[in-house]
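K.L.:
Quick one: the structure is below, and I'll ask about it shortly.
Throughout, read-outs are computed from the coordinates displayed, never taken from laboratory work. Since the model is a prediction, treat every value here as computed from it, not as a measurement. Please note: Cβ atoms are built from the backbone with ideal geometry, for glycine as well, and neighbour counts cover all protein chains shown.
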Amino acid sequence: ILNVEQSPQSLHVQEGDSTNFTCSFPSSNFYALHWYRWETAKSPEALFVMTLNGDEKKKGRISATLNTKEGYSYLYIKGSQPEDSATYLCAPSAPSYNTDKLIFGTGTRLQVFP
Amino acid sequence: DAGVTQSPTHLIKTRGQQVTLRCSPKSGHDTVSWYQQALGQGPQFIFQYYEEEERQRGNFPDRFSGHQFPNYSSELNVNALLLGDSALYLCASSLSASGRYEQYFGPGTRLTVT
């Protein structure tokens, strides 16, 4: 069973600040790591899917890195904006019978103040 | 492209009743997964359907059942509702059987059991 931990649970920053979150998961039994951004009353939005150790992905001001050997991923937001306010979820997928079952952490809730 | 759609948006049921939730996957996707998000938790995997069959199941009782239709749409059925079944139910669709592909989520159905 994968145990996924995200930290911090919540974060309040000022507009323009850069921030980062951590997702920890067991380094064994790893298949892929997904990051989602979830605004209130909307659908979770896929940000990144990463599979290789050392992977780095970027989408605009948001980037993510992956370390499968030690079992963690970082999500960075450069120059946070109020529209970045959301819950950020990470989810390793469990390599069981070729399914893409996601094991979610409880998320990091980000609030960006103007 | 309509993306993943779910119906209804909200639902109120009483203990002991049965409920059916519906999901239409993103165009071109053939796999549907269902997740339950209870308050303060990350989404928990219920089961996944592919080629009209349940491919994998999470740690949920048999009261939770599902179905996938030839057009890839899916239903989640919950029998003998308990207060603890109150949650947001998310449907996610993906293409085929790889955890390396993004899963696209719908906005969810909020179920309240009284």
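K.L.:
Roughly how crowded by other chains is peptide B:24-35, in terms of the mean Cβ count from those chains within 10 Å of each of its Cβ atoms? Write down the numbers at each step before the final one.
P.N.:
Working: counts 0, 0, 0, 0, 0, 0, 0, 2, 0, 4, 0, 5.
Mean partner-chain Cβ count within 10 Å for B:24-35: 1.
K.L.:
Still on this structure, please answer the following. With +1 assigned to the C-beta of every Lys and Arg and -1 to the C-beta of every Asp and Glu, and no other charges, what is the dipole magnitude of the protein assembly as shown about the Cα centre in debye, to the nearest 20?
P.N.:
Here the size comes out at about 260 debye.
K.L.:
Taking springs between alpha-carbon atoms closer than 10 angstrom, which of B:LEU76, B:LEU39, B:LEU21 fluctuates most in the Gaussian network model of chain B?
P.N.:
Answer for the Gaussian network model of chain B: B:LEU39.
K.L.:
Let me ask you something else. Lysine pairs in the protein assembly as shown with Cα distance under 29 Å, only those 8 or more apart or on different chains: how many are there?
P.N.:
The result is 24.
K.L.:
Please report, in debye to the nearest 20, how large the charge dipole of segment B:12-114 is about its Cα centre when each Lys and Arg carries +1 at its beta carbon and each Asp and Glu carries -1 there.
P.N.:
360
K.L.:
Considering only DSSP beta bridges where both residues belong to chain B, give the percentage that are antiparallel (nearest 5).
P.N.:
90
K.L.:
Other chains' Cβ within 10 Å of B:40-48 residues: what's the mean?
P.N.:
Partner Cβ neighbours, averaged per residue: 6.
K.L.:
Under a GNM of chain B (C-alpha, springs under 10 Å), which listed residue has the highest mean-square fluctuation: B:GLN37, B:GLN48, B:GLN68?
P.N.:
Maximum among the listed residues: B:GLN37.
K.L.:
Size of the dipole of chain A about the Cα centre, Lys and Arg at +1 and Asp and Glu at -1 on the beta carbon, nothing else charged, in debye to 20?
P.N.:
Charge dipole, chain A, about its Cα centre: 140 debye, nearest 20.
K.L.:
Determine ³J(HN,Hα), in whole Hz, for all residues of segment B:63-79 in sequence, where each value follows from phi through the Karplus function 6.51 cos²θ - 1.76 cosθ + 1.60 and θ = phi - 60°; x replaces Gly and Pro.
P.N.:
4, 8, 9, x, 7, 10, 9, x, 8, 6, 5, 9, 10, 10, 10, 10, 9
K.L.:
Name the long-range amide H neighbours of A:ALA32: under 5 Å, sequence gap of 5 or more, or other chain; modelled H, no Pro or chain starts.
P.N.:
Counting only residues 5 or more places away or on other chains, the set is A:SER93.
K.L.:
Then there's this: Each label point is 7 Å from the Cα along the Cα-to-Cβ direction; what then is the distance between the points at A:LYS57 and A:SER85, in nm?
P.N.:
With each label placed 7 Å out from Cα toward Cβ, I get 2.7 nm.
K.L.:
Can you pull the one-decimal nm distance between simple spin-label points at A:SER27 and B:ALA80, each 7 Å off the Cα toward Cβ?
P.N.:
According to this spin-label approximation, the distance is 4.5 nm.
K.L.:
Got a sec to turn the phi values of segment B:10-19 into Karplus ³J(HN,Hα) couplings, 6.51 cos²θ - 1.76 cosθ + 1.60 with θ = phi - 60°, whole Hz, x for Gly and Pro?
P.N.:
With the stated coefficients, segment B:10-19 comes to 10, 7, 10, 10, 9, 3, x, 6, 10, 9 Hz.
K.L.:
Run through segment B:40-90 and list the chymotrypsin sites (Phe, Trp or Tyr not before Pro) located in a DSSP loop whose Cβ has at most 16 other Cβ atoms within 10 Å.
P.N.:
Filter output for segment B:40-90: empty list.
K.L.:
Provide B:PHE60, A:PHE104 in ascending order of the number of other Cβ atoms located within 10 Å of each residue's Cβ, fewest first. Display every interim value, and only then the final one.
P.N.:
Values: B:PHE60 16, A:PHE104 22.
Sorted ascending by nearby Cβ count, the order is B:PHE60, A:PHE104.
K.L.:
Taking θ = phi - 60°, what integer Hz values does the Karplus form 6.51 cos²θ - 1.76 cosθ + 1.60 yield along segment A:17-23, in sequence order, with x for Gly and Pro?
P.N.:
Each residue's phi maps through the Karplus curve to give 5, 9, 8, 8, 10, 10, 10 Hz.
K.L.:
Quick check on packing: order B:2-12, A:69-79 by the mean number of other C-beta atoms within 10 Å, highest mean leading.
P.N.:
A:69-79, B:2-12
K.L.:
Let me know the whole percent of all Cα-Cα pairs from chain B that are separated by more than 21 Å.
P.N.:
Everything past 21 Å amounts to 30 percent.
K.L.:
While we're here: What is the mean number of Cβ atoms from other protein chains located within 10 Å of the Cβ atom of each residue in peptide A:35-44, rounded to a whole number?
P.N.:
4
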